[in-house]
Structure formats: structure tokens, C-alpha cells
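Student: So that we are looking at the same thing, I have put the structure below in C-alpha cells.
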Amino acid sequence: MGLKQKARLYSPWVFHAHCSGCNGCGIEIAAALNPRYDPERIGVTLHNNPRHADIMLVEGIVAKQHVPFLKRTYDQMPTPKAVVAIGSCAITGGVFKPDDDKGPSYTQGGPVDRIIPVDVYVPGCPPKPEAIIDGVIKAAIILSKRE
Amino acid sequence: MVKGKIKLLKEALESSKSIQTLDYPGGDPQIDYSKPRFGSGAKYSHICEGLRGVPQYSEEDCCGCAACESVCTANTIKTEDVNGKRIFTIDLGRCVFCGRCEEECPEDAIKLTSRFELAYTGPDSQNLEKVKFERDLILCERCGNPVAPVKQYEIYSEKVVKNLGEKWREQSKEDIEKAGKLCRECRRRNAYTLNLHTRKYY
Ligand code: SF4
Ligand code: SF4
Ligand code: SF4
């Protein structure tokens, strides 16, 4: 493992993209980043600028209005990058998606993996902070293998 | 407001005395983490009492009644009746861990476990919880539409007879034999010829 990969593995910076969820996952992400769970011991820091981030945490169903912004945010991140879809909303549509044969909710722009490539999925509504840290660690391992 | 501030101050003083950060990864669930560890003691919070994690299905106990499907909040559990089989598909990527399936299951075939670290990396990942199983259905003797799963029929025809009073037991056994394996529509149509009305019990 080169020095660059090692640096990425041991200090991935995360960016939190809130894409029209109910904010339940957002609060859990905020909880996961506080001293109680302290992800800084594994090098994870929250950053408010996608241009400085390695991992994007996406939450919510991604409303139709939100799709171009999510794409743009993703493009702004430097490569290599990884995306973590947090919550059942981001994975499948969760409680906002009534049924497959009835189609999604009229505001839904689709689960995250229809818009941008997703590397790690963290199920739960909302997932526990520890589950989020688990997902971020998995994403960091994927990230360190990328050029 | 003053009360709130005092509480906050207490919390701040409390946290200055010891390390508040919790171990990660959590460690052994067998260990009693409520005992003091760091100074006055941070607690292992992974598995608190009543934590709702991923539901565990027991295929053996499940009778196929699909009560869980009808109460499922996020359409995690779906059933389909095809060719004399009821097919259950359970996609835990949708589950919101509400616990309603556990509440409603008459056979206790679903239990919410305390497993919550479920992050998976792709559609063919080992950790992806997609379950699929089948139950045989009884088909209507007259029209061939599905009536009920075989196991549910066995369990509930017995239970119904057992819960009835001595007086009506024979009569209801007879009725179950006559019309138990008919679908709802055929039962309604043939109610008169088969003498299924409950007035004969009174
Ligand atoms: S997964 Fe649940 S908690 Fe998270 S944004 Fe969707 S509805 Fe809210
Ligand atoms: S409610 Fe329980 S017994 Fe009925 S189909 Fe669901 S798991 Fe099986
Ligand atoms: S816990 Fe709730 S969402 Fe999950 S399978 Fe059971 S009823 Fe459905």
C-alpha cells in the first residue's frame, strides 16, 4: 500500500449530503460525529465542502428537485471518492415508496444508486451511530484500494 | 430554562471526570458493560434493552398466514400466490425496524434481534439480507383458487375445534370437512346447499 492509499485509509474526510430525508438520519449522523462515538479516532472528520471530502454520506429519498444538485456535488468531489447511502430511504425509497407496481412517490427522484454510484449501503431507519461508523470504515477500505 | 441549564452543567461536570467515548467496535455482547470501566464508567451502548435490530425469520415456525405482510410498514415483506405456492420475498434494505411484524405474528416466527451493523457493499454482497421462501397452498376443490397455506389450515382447523364448546364441536368438525377446502367465493355460493349458516348452532 502506497503512502497516498495509507493516508486515505487512515483519514477519510466525510461530507454529509442531506437529500430530502426526514432528517432522522441527519441527526444520527450528527450523533455519530460527536465525542461519544468519536470517529476522529479513526481519522474521520466532517467537512462542509465536497471539494475537500473523500466520502459522501447521502441521506434521504432524493426528491426530483434535488437530483441535479446531488450529481453536481458528486462531480465536485476529487477522485478517488466513495459514497455511502444511509438509511432505507437512500437504499430503496423506504417508507416513501409505496409499492413496486404502484410506482414511487411522485416527488421521488429515485434511490441514490440510480443517480450516482454507491459503494456502501447502511440499512436502518435511522441506522444507529455505530452502524454509520461501520459503513464509513467499509467505505474507507474501498477508498484505499482505489487509485 | 434554569433547570435545563443546571442539567447541562451537571452533564458537563460528569463528562469531565471520565472518558465518555464508547469503545468501537463494541466488543463482546456477553460482557456486562454496565460495570465501571473508565473512571466512573462509560457504558457500552451498542445493545441497550429493547433495541430493535434486524428481524429474524424462522422458516420452520412460519405457517404462511401473511399477517406480517399486511401490517408491514415499509412493504419489506411481500407475498405472491403463484402455481399453488405462496412466495415470500423479504427485502431488508427497506425495513424500518418498527417491530409490527413481531407484534402480529401468531406463530412467533419473527423476532427482532439486536443485530444492527448491517452495512453491505453491493447487490451481491454476503451481508445483503434478501430472503425468499415458499409455502404450499391448498387450492379450492371447486374452482382451483388458492384458499390458505397447508400449515395454517392444519394449525387453525385444530385450534378452532379446540376453542369451541363441547356442544358444537362435532357440528363444526363436520362443517370444516365439508367446506374447509373451498375458497371464500365458493363457500359463499354454496352456503345454502352445504348448510353452512351458523343458525344451526343455536
Ligand atoms: S431512512 Fe428513515 S430516518 Fe432516514 S431519512 Fe428516511 S425516513 Fe428519515
Ligand atoms: S405472520 Fe408469522 S406465521 Fe404469518 S406469514 Fe408472517 S412470519 Fe409466517
Ligand atoms: S420490522 Fe417493520 S418494516 Fe421491518 S419487516 Fe417488520 S413490519 Fe416490516
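Nothing in this text is a laboratory measurement; each read-out follows from the coordinates by a stated rule. Note that this is a predicted model, so its numbers are computed, not measured. All Cβ positions, glycine included, derive from the backbone under ideal geometry; neighbour counts span all protein chains shown.
Student: On a 21 Å Cα-Cα criterion, which of the cross-link pairs A:Lys6/A:Lys145; B:Lys78/B:Lys173; A:Lys71/A:Lys145; A:Lys97/B:Lys111; A:Lys138/B:Lys78 come out too long?
Tutor: Values: A:Lys6/A:Lys145 9 Å; B:Lys78/B:Lys173 33 Å; A:Lys71/A:Lys145 23 Å; A:Lys97/B:Lys111 25 Å; A:Lys138/B:Lys78 30 Å.
Pairs exceeding 21 Å: B:Lys78/B:Lys173; A:Lys71/A:Lys145; A:Lys97/B:Lys111; A:Lys138/B:Lys78.
Student: Here is a follow-up. Given the convex hull over the Cα atoms of the range B:140-202, what projected area results after averaging over all orientations, in nm²?
Tutor: Quarter of the Cα hull surface area: 4.3 nm².
Student: Hey, got the average number of other protein chain Cβ atoms within 10 angstrom for residues in B:94-102? Please report the intermediate quantities before stating the final value.
Tutor: On the way: counts 10, 6, 10, 7, 2, 0, 0, 0, 0.
Per-residue shielding by partner chains comes out at 4.
Student: Another question about this same structure. For q = 0.20 Å⁻¹, what log10 I(q)/I(0) does the range A:3-144 give under the Debye formula with an equal point scatterer on each alpha carbon and no solvent?
Tutor: -1.16
Student: Once both labels are modelled 7 Å past Cα along the beta-carbon direction, what's the B:Glu11-A:Thr79 spacing in nm?
Tutor: For the pair B:Glu11/A:Thr79, the computed spacing is 4.5 nm.
Student: Give the calculated FRET efficiency between A:Ile141 and A:Lys71 to the nearest 0.05, with a Förster radius of 30 Å applied to their Cβ-Cβ distance. Intermediate results must be reported in sequence, preceding the final value.
Tutor: Working: r = 25 Å, r/R0 = 0.85.
Result of the calculation: an efficiency of 0.75.
Student: Report Rg (one decimal) and Dmax (nearest whole number) for the range B:48-137, counting Cα atoms only, units Å.
Tutor: So, for the range B:48-137, Rg and Dmax equal 13.2, 44 Å respectively.
Student: To continue, here is another question. Kindly provide the Kirkwood hydrodynamic radius of the protein assembly as shown in Å, to one decimal, from all pairs of distinct alpha carbon atoms. Working shown, then result.
Tutor: On the way: mean 1/r = 0.0421 Å⁻¹.
Final number for the Kirkwood radius of the protein assembly as shown is 23.8 Å.
Student: At 7 Å along the Cα-to-beta-carbon direction for both A:Leu3 and B:Tyr202, put a label point, then send me their distance in nm to one decimal.
Tutor: Result for the modelled spin labels: 9.2 nm.
Student: Find how much the distance from B:Val131 to B:Lys85 grows on full extension, using 0.36 nm per residue of separation minus their present alpha carbon separation; answer in nm with one decimal. Each step should come with its number before you reach the end.
Tutor: Working: separation 46, 0.36 × 46 = 16.56 nm, distance 1.59 nm.
Taking 0.36 nm per residue and subtracting the Cα distance, the gain is 15.0 nm.
Student: If you line up the long axis of helix A:129-144 against the longest principal axis of chain A, both from Cα atoms, how many degrees apart are they, to the nearest 10?
Tutor: 60 degrees
Student: For helix A:67-76, what angle does its Cα long axis make with the longest principal axis of chain A, in degrees from 0 to 90 and rounded to 10?
Tutor: Taking the Cα atoms of chain A, the angle to A:67-76 is about 10 degrees.
Student: B:Gln56 label point, 7 Å along Cα→Cβ, cut-off 17 Å on backbone N: hits in the range B:129-147?
Tutor: Answer for this model: B:129-131.
Student: Along the range B:161-172, what does the Karplus equation 6.51 cos²θ - 1.76 cosθ + 1.60 (θ = phi - 60°) give for ³J(HN,Hα), rounded to whole Hz, x for Gly and Pro?
Tutor: 5, 5, 7, 7, x, 3, 4, 9, 4, 4, 4, 6
Student: Shielding of A:12-22 by partners, i.e. mean partner chain Cβ atoms within 10 Å per residue?
Tutor: Values: counts 0, 0, 0, 0, 0, 0, 0, 0, 0, 0, 0.
Mean inter-chain Cβ contacts per residue within 10 Å come to 0.
Student: Can you list residues whose amide H is under 5 Å from A:Met56's amide H, if they're 5+ apart or on another chain and H is modeled 1.01 Å from N?
Tutor: Answer set, sorted by chain and number: A:Phe15, A:Ala82, A:Val83, A:Val84.
Student: Still on this structure, I have one more. What net charge is computed for the residues neighbouring B:Val150, neighbours being all others with C-beta under 11 Å from the C-beta of B:Val150, Lys and Arg scored +1, Asp and Glu -1? Display every interim value, and only then the final one.
Tutor: Details: positive: B:Lys85, B:Arg86, B:Arg135, B:Lys151, B:Lys181; negative: B:Asp136, B:Glu154.
In short, +3.
Student: Where the only charges are on Cβ atoms (+1 Lys, Arg; -1 Asp, Glu), what is the dipole of the range A:1-120 about its Cα centre, to the nearest 20 debye?
Tutor: On the way: 13 positive and 11 negative charges, 86 e Å.
Rounded to the nearest 20 debye, it is 420 debye.
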